[in-house]
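Heads up, the thing below is written out as structure tokens.
We did not get these values from a lab; they are worked out from the coordinates using the rules stated. Keep in mind it's a predicted model, so treat the numbers as computed, not measured. Using ideal geometry, Cβ is built from the backbone for each residue, glycine included, and neighbour counts are taken over all protein chains shown.
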């Protein structure tokens, strides 16, 4: 093989290597692009799920707070009713006299 043939043969090998490398680059580029697209889809899905879960958590927390507030309100009302019964039952003649005096002062 002459040096010119060797040179041409070397150029062909270099060209083949370049083409193979370019194919590998394109294949890798396509894979990376597909992976990125898949990650974006997964991230969007995860964000949507997290948003739904967050809204659900807020609703649950609000509902629990309402229930707790209602229970506390009922407890306070029952306590007030009980106290009012006790106060009403403790009215004696002295208290009646004081009430009458207060009422008569206005007359």
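The table below gives the values:
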| quantity | calculated |
| --- | --- |
| Residue 30-residue 62 FRET efficiency (beta carbon distance; Förster radius 41 Å; 0.05 resolution) | 0.30 |
| The chain: angle of helix 93-105 to the longest principal axis, Cα-based, in degrees nearest 10 | 90 |
| Degrees between helix 3-89 axis and first principal axis of the chain (Cα, 0 to 90, nearest 10) | 0 |
| Length released on extending from residue 1 to residue 84, taking residue separation times 0.36 nm less the Cα-Cα span | 17.9 nm |
| Förster radius 30 Å - calculated FRET efficiency between residue 42 and residue 21, Cβ distance, rounded to 0.05 | 0.45 |
| MRE, 222 nm, helices only [DSSP H, n ≥ 4, -39500 (n - 2.57), over the chain, to nearest 500] | -35000 deg cm²/dmol |
